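Visitor: Below: one structure in structure tokens.
Since every read-out is calculated from the coordinates, none of them should be taken as a lab result. Being a predicted model, the structure only gives us computed values, none of them experimental. Here the Cβ positions follow ideal geometry from the backbone for every residue, glycine too, while neighbour counts run over all protein chains shown.
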Amino acid sequence: MHTKHFLQMIADKNQSGQSPLLSIVIPMYNEAESIDVLFSQLTPVLQAITSSWEIICINDGSTDGTLAGIKHKCAQDSRVKLVSLSRNFGKEAALTAGLAHSSGQAVIPFDADLQDPPEVITEMVTKWKEGHKVVLATRKSRRGDSLGKRFSAFMYYKLLGRMSSTPIPPNTGDFRLMDRQVVNALQLLPERTRFMKGLFAWAGFSTVQVYFDRPSRNSGKTKQGLCKLWQLAKDGLFSFTTAPLRMTTYLGIIISFFAFSYAGWLLVRTIIFGVDVPGYASIMASVLCMGGVQLVCLGIMGEYLGRVYQESKQRPLFIVEETLGLDKAK
Ligand code: UDP
Ligand code: MG
């Protein structure tokens, strides 16, 4: 009841009705088979909160019937809007496009496969009403994900948490509620490397968590293959911390220390005991080890340099081919 009152207040504030209360942003890549179930579960939940909502579907270069499916939904309800990208730019770029086109007072990124349960939105809105600018939906369990994925995610976020000065909450995906102020702050970040979870965390603002059980995919297979996840993991690491660069320095210092000590020992031994020929194993071991370490360090530098290169090109993050239901083209 309290919530309704608060929502009414905000709805009255933008009497023009131009900016809705809630924007749900859904990146979609080949999700044709999910669309019907998605809408049938999502819209009743939204409707129960307020009628002032919009759903922004981003067609991320799908090759199946996704675009037609979204258009069909747009025709049925003017609150459903479409942003169609010119090709597959990846989830992070699609989400960025969606945020840029959203106009709601609160914005929630949402997965098309219903791995983010719509019911959680009600709870998020309640927390928002209490004055929090960001409401994170944290996964209590990840029954829907494989053991390997759960374990690697766990280790990765532990590592990232150690290295990065921006605390990126573990077990939390893109599913979260953000106040308009937070979304506007995100628009100010110009970088090409979009690790959205990190950028969201970087923006700050008063944050609170709600918990939910993450179910399995509703239909179809994951669209974020192992390759994409690996890229994303690297993006997260290299764009949120320069610790690996510093680590190469320390690694160099440690290895040099051992190398010099060993060289000193060899010198003393040669002077005292004379020339000792055998030593193939130790030479090979040190040559191979040093070669490996140097290549890894070069690789780490390459990761940063490559990102500097990408940023310097200043290419747009996405190209919009077509929109529906949105008055301003961005
Ligand atoms: N997605 C996208 N572009 C891509 C890959 C995925 O827009 O290149 C969307 C996808 O349609 C879904 C969401 O991002 O709505 C999450 O993808 P998925 O469920 O495949 O990832 P997972 O849940 O396995 O991490
Ligand atoms: Mg999924």
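Visitor: Report for the chain the percent antiparallel among DSSP-assigned beta bridges with both residues inside it, nearest 5. Can you show the working numbers first?
Guide: On the way: 10 of 33 bridges.
About 30 percent, rounded to the nearest 5.
Visitor: For a Förster distance of 30 Å, can you work out the FRET efficiency between the beta-carbons of residue 296 and residue 261, rounded to the nearest 0.05? Please report the intermediate quantities before stating the final value.
Guide: Working: r = 22 Å, r/R0 = 0.74.
E between residue 296 and residue 261, to the nearest 0.05, is 0.85.
Visitor: Taking Rh as the Kirkwood radius, which is the inverse of the mean 1/r over Cα pairs, what is the Rg/Rh value for the stretch 200-254? Write out the running numbers ahead of the final one.
Guide: Working: Rg = 17.6 Å, Rh = 15.3 Å.
Here the Rg-to-Rh quotient is 1.15.
Visitor: To continue, here is another question. For the chain, modelled as a GNM with alpha-carbon contacts under 10 angstrom, which of 52, 23, 40 fluctuates the most?
Guide: 40
Visitor: Arranged from highest to lowest average of other beta-carbon atoms within 10 Å per residue, in what order do the peptides 62-73, 104-115, 159-170 appear?
Guide: Averaged packing, sorted descending, gives the order 104-115, 62-73, 159-170.
Visitor: Further question on the same structure: Work out from phi, with θ = phi - 60° and the Karplus expression 6.51 cos²θ - 1.76 cosθ + 1.60, the ³J(HN,Hα) of each residue of the stretch 196-206, listed in order in whole Hz, and give x for Gly and Pro.
Guide: With coefficients 6.51, -1.76 and 1.60, one gets 4, 4, x, 5, 4, 5, 4, 4, x, 6, 5 Hz.
Visitor: Further, regarding this structure: Taking the beta-carbon count within 10 Å as an exposure proxy, list 57, 74 from fewest neighbours to most.
Guide: On the way: 57 32, 74 18.
Placing the least packed residue first, the sequence is 74, 57.
Visitor: Please compute the Kirkwood hydrodynamic radius over the stretch 147-259, one decimal place, Å, based on all pairs of different Cα atoms. Working shown, then result.
Guide: On the way: mean 1/r = 0.0607 Å⁻¹.
The Cα-based Kirkwood calculation yields 16.5 Å.
Visitor: When the helices in the chain are scored as -39500 (n - 2.57) per DSSP H run of 4 or longer and the sum is shared across all residues, what 222 nm value do you end up with, to the nearest 500 deg cm²/dmol? Mind dumping the intermediate values first?
Guide: Values: 11 runs with 173 residues, N = 330.
Rounded to the nearest 500, it is -17500 deg cm²/dmol.
Visitor: Sort the stretch 97-138 into rounded, prolate or oblate with this rule: let a ≥ b ≥ c be the square roots of the eigenvalues of the Cα gyration tensor; rounded if a/c is under 1.5, and if a/c is not under 1.5, prolate when a/b is larger than b/c, oblate otherwise. Could the numbers behind the result be given before it?
Guide: On the way: a/c = 2.25, a/b = 1.10, b/c = 2.05.
Oblate, since a/c reaches 1.5 and b/c is not below a/b.
Visitor: Same structure, new question: What percentages make up the Cα-Cα pair-distance distribution of the stretch 181-330 when the bins are 5 Å wide from 0?
Guide: 1, 6, 9, 12, 12, 12, 11, 8, 6, 6, 5, 4, 3, 2, 1, 1, 0, 0
Visitor: Each label point is 7 Å from the Cα along the Cα-to-Cβ direction; what then is the distance between the points at residue 275 and residue 211, in nm?
Guide: With each label point 7 Å from Cα toward Cβ, the separation is 7.2 nm.
Visitor: Measure up 158/221; 81/133; 129/228; 81/149; 91/133; 140/234 against 30 Å on the Cα-Cα distance and list the ones that go over. Mind showing how you got there, number by number?
Guide: Numbers: 158/221 27 Å; 81/133 25 Å; 129/228 36 Å; 81/149 33 Å; 91/133 24 Å; 140/234 25 Å.
Flagged as over cut-off: 129/228; 81/149.
Visitor: Can you give the angle from 0 to 90° between the axis of helix 91-101 and the longest principal axis of the chain, with both taken from C-alpha atoms, to the nearest 10?
Guide: Between helix and principal axis, roughly 40 degrees.
Visitor: Let me ask you something else. I'd like the Kirkwood hydrodynamic radius of the chain, using the inverse of the mean 1/r over distinct C-alpha pairs, in Å. Don't skip to the answer; put the middle values down first.
Guide: Working: mean 1/r = 0.0445 Å⁻¹.
Radius from the Kirkwood sum: 22.5 Å.
Visitor: Using a simple spin-label model with points 7 Å from Cα along the Cα→Cβ vector, what separation in nm is obtained for residue 254 and residue 327?
Guide: It works out to 6.1 nm between the two label points.
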